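Below is one structure, written out as structure tokens; the observations come after it.
The values are calculated or read from the model by the stated rules, or taken from the named source; none is laboratory data. Computed from a predicted model, the values in this text were never measured in an experiment. Glycine also receives a Cβ, built like all others from the backbone with ideal geometry; neighbour counts cover every protein chain displayed.
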Amino acid sequence: MNIKINDESFAYDVFGLVQAFYPGTKPKMFIDKEADASEETVAIFISEDRITLTIDGGSFHSVSIDPKDRADTKNRLKRLIYETLSDRTKKTLPWGTLTGIRPTKIPYKKLYENKTKEEIFSFMEDTYLCTPEKIRLAYAIARREKEAVGDTKDRYALYIGIPFCPSICLYCSFSSYPYGVYKDRVEAYLDALIKEIRFVGDHFHDRILDTVYIGGGTPTSLSAEELERLLGAVDAHLDLSRLREYTVEAGRPDSVTEEKLKVLLKHGVNRISINPQTMQDKTLKKIGRFHSTEDIRKAYGVARALSDADIKKGGRGFLINMDLIVGLPGENKEDIRDTLEQVKAMEPDNLTVHSLAIKRSSRLHEMLTEYEDELFLNSNEIMDMVYGYADSMGMQPYYLYRQKQISGNMENVGFAPDKKECLYNMEIMEELLDIVAIGAGSDCKKVEKYADGQTDLRRKVERCENVKDVDAYIERIDEMIERKKTLFKTET
């Protein structure tokens, strides 16, 4: 199914919605001033006061709009597409017309406007055609986020990006580089990164550092000595006295050692991720991971033992998260169930379950014809199973996001027991406070505030990005710092 539209500004939302009705396909988008429809084409023409939709050059649909109200125009456009394609395909979508990555922002904003539960449910059903199950999910998560995050006045979060990995997974679209190939550049990268850390400490000295999240890539690709250097710089240049959370992704079991974990504990890191993605050895090999399920269990066991010992000595230990992906090539429902059973037996503190999204910059996208017959399409049935396992582990959903081309039009969701949520995940999903992001490929977000310092959920979020290429980042580090000075100029 191809798409023609005469207004490029609506193209992203239109593409996502049309593709959701035709999963596994790759619609082509054409910006066409006339937007006339031919066979196997959805054509959309937006005039001053009306939207017309023609499908396959025959069926014609229309709705009036107010040209001054862009938000309402977008909602009417998406509803028109949804109702037309739903009638044509006899399908409904669990998230209705929503194509954005943060559906929980809708109930979150309504809660701040003191809307009742009934008003929020009615709004999401009438405006976006969401199913009652997804509305209940989004509402419950929004309430939990609001309670857990609390007051964000004068606070900021810090993201530190480590773009190195033991190997690049089949589905990965992040700016990651094989550690072995870039080993000779790591020290220069840390030099540049520490320069940014020093800048953050100076520039934000009068604000409260709320959370630190070191992600990637795989931060534990670094050696123990390199981790010591990085975390020592964080200690030296940043005020951690009011830090509520300190996370390091130790996602790849083949990058985790006892020595590295001891470095993390020494510097006060209290959350890590050890991410199986799957507990099927056949799949691990297929997606380019050079470790086994037994390696996952061993890495988790070492981390848990060190954490327990640290707690006995009066420390905080680690909260350990595990990530899974539903929809990996060659897997089926029973593989997913078996993975959940094995993860449950390990008793992690958090669980994050992703629905596979095939990103354009991933190897999976480049090799899609080789794997497309093996991809497992996520479904309500599978997600119900996931939610059931999480509940049996004493965990409830606490954050959620969606992605373009996500499997089965589903969601990525994090589960945790009460008081064990990852604050950074909630802060970045709802864009509740400034995110200062450093390292190659990182993305700063400045959230506009009210005069009293509270976040205005109706206002815009400004951004600035660091370059993705490691060598360019090292060479242009002063420019990266200047970008942040410009973005956060009102914070000096």
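Looking at this structure, is K153 among the basic types (K, R) and out of contact with any Gly (no Cβ under 8 Å at 6 or more places or on another chain)? Outline the logic, then answer.
Working: among the basic types (K, R): yes; out of contact with any Gly (no Cβ under 8 Å at 6 or more places or on another chain): no.
It is false that K153 is among the basic types (K, R) and out of contact with any Gly (no Cβ under 8 Å at 6 or more places or on another chain).
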Elements of type strands (runs of 3 or more DSSP E) in the range 208-284, at least 3 residues being free of Cβ contacts under 8 Å to residues at least 60 places away in the same chain: 208-216, 245-249
Given (1) at pLDDT 80 or above; (2) under 18 Å from Q277 (Cα atoms); (3) of a type in the set (K, R), index of the condition K420 fails: (2)
Count of residues meeting criterion [modelled with pLDDT under 80 and within 35 Å of the chain's Cα centre (by Cα)] in the range 26-73: 3
Cross-chain or 6+ apart pairs with Cβ under 8 Å, the range 116-139 first and acidic (D, E), then surrounded by fewer than 16 Cβ atoms within 10 Å (Cβ to Cβ): E125/P132; E133/N380
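Would you confirm, using the coordinates I've provided, whether S241 is touching a Cys at 6+ places or on another chain (Cβ under 8 Å) and either surrounded by fewer than 16 Cβ atoms within 10 Å (Cβ to Cβ) or within 25 Å of I296 (Cβ to Cβ) (or both)? Give the derivation first.
Values: touching a Cys at 6+ places or on another chain (Cβ under 8 Å): no; either surrounded by fewer than 16 Cβ atoms within 10 Å (Cβ to Cβ) or within 25 Å of I296 (Cβ to Cβ) (or both): yes.
No, not satisfied.
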Candidate set from the range 465-479 (those that are within 23 Å of the chain's Cα centre (by Cα) and among the hydrophobic types (A, V, I, L, M, F, W, C)); member that is surrounded by the most Cβ atoms within 10 Å (Cβ to Cβ): V470
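In the range 6-31, which residues are out of contact with any Phe, Trp or Tyr (no Cβ under 9 Å at 6 or more places or on another chain) and surrounded by fewer than 18 Cβ atoms within 10 Å (Cβ to Cβ)?
E8, S9, A11, Y12, Y22, P23, G24, T25, K26, K28, F30, I31
May I ask you to list the residues in the range 327-344 that are closer than 18 Å to G288 by Cβ and among the aliphatic types (A, V, I, L, M)?
Here is the first cut: in the range 327-344, the ones closer than 18 Å to G288 by Cβ are 327-331, 335, 339.
Once the filter is applied, which keeps residues that are closer than 18 Å to G288 by Cβ and among the aliphatic types (A, V, I, L, M), the range 327-344 yields only L328.
Could you tell me which residue of the range 272-293 is farthest from the chain's Cα centre (by Cα), considering only residues that are basic (K, R) and either surrounded by fewer than 16 Cβ atoms within 10 Å (Cβ to Cβ) or not assigned by TED's automatic domain parsing to the domain that holds V386 (or both)? Lay out the reasoning, then the answer.
First, pick out the residues of the range 272-293 that are basic (K, R): 282, 285-286, 289.
Still in the list and also either surrounded by fewer than 16 Cβ atoms within 10 Å (Cβ to Cβ) or not assigned by TED's automatic domain parsing to the domain that holds V386 (or both): 282, 285.
Values: K282: 26, K285: 24 Å.
If we take residues in the range 272-293 being basic (K, R) and either surrounded by fewer than 16 Cβ atoms within 10 Å (Cβ to Cβ) or not assigned by TED's automatic domain parsing to the domain that holds V386 (or both), then K282 is farthest from the chain's Cα centre (by Cα).
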Enumeration of residues in the range 372-406 that are among the polar types (S, T, N, Q) and out of contact with any helix residue (DSSP H, G or I) (no Cβ under 9 Å at 6 or more places or on another chain): Q403
Selection within the range 294-335 - within 23 Å of the chain's Cα centre (by Cα), of a type outside the set (A, V, I, L, M) and under 30 Å from M367 (Cβ atoms): N321, D323, G327, P329, E331
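Can you work out which of the residues in the range 33-58 that are part of a loop (DSSP other than H, G, I, E, B) and among the aliphatic types (A, V, I, L, M) is surrounded by the most Cβ atoms within 10 Å (Cβ to Cβ)?
At the first step, the residues of the range 33-58 found to be part of a loop (DSSP other than H, G, I, E, B) are 33-40, 47-49, 56-58.
Subset that is among the aliphatic types (A, V, I, L, M): 35, 37.
Working: A35: 21, A37: 23.
Here the answer is A37.
Among the residues of the range 297-326, which ones are of a type in the set (A, V, I, L, M, F, W, C) and at pLDDT 95 or above? Give the steps one after another, and end with the answer.
Step one: list which residues in the range 297-326 are of a type in the set (A, V, I, L, M, F, W, C), which gives 299, 302-303, 305-306, 309, 311, 318-320, 322, 324-326.
Hits for the range 297-326 are A299, V302, A303, A305, L306, A309, I311, F318, L319, I320, M322, L324.
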Enumeration of residues in the range 398-427 that are aromatic (F, W, Y), farther than 23 Å from N332 by Cα and over 11 Å from the mean Cα position of the chain (by Cα): Y398, Y424
Filtered residue count, the range 310-357, keeping only those that are among the charged types (D, E, K, R), exposed (fewer than 15 other Cβ atoms within 10 Å of the Cβ) and outside any helix (DSSP H, G or I): 3
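Whether any residue in the range 2-13 is in contact (Cβ under 8 Å) with a residue 60 or more places away in the chain and not acidic (D, E) is what I want to check. Steps first, answer last, please.
Going through the range 2-13, the residues in contact (Cβ under 8 Å) with a residue 60 or more places away in the chain turn out to be 10, 12-13.
Filter again for not acidic (D, E), leaving 10, 12.
So far as the range 2-13 goes, yes, one or more of its residues are in contact (Cβ under 8 Å) with a residue 60 or more places away in the chain and not acidic (D, E).
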Complete set of residues in the range 397-440 that are farther than 30 Å from H203 by Cβ and among the hydroxyl-bearing types (S, T, Y): Y398, S407
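In the range 376-386, which residues are surrounded by 19 or more Cβ atoms within 10 Å (Cβ to Cβ) and part of a helix (DSSP H, G or I)?
I382, M383, V386 - these are the residues of the range 376-386 that are surrounded by 19 or more Cβ atoms within 10 Å (Cβ to Cβ) and part of a helix (DSSP H, G or I).
Just checking, which of D210, D202 is of a type in the set (D, E) and within 22 Å of C422 (Cα to Cα)? Steps first, please.
Details: D202 fails: within 22 Å of C422 (Cα to Cα).
So the residue among D210, D202 that is of a type in the set (D, E) and within 22 Å of C422 (Cα to Cα) is D210.
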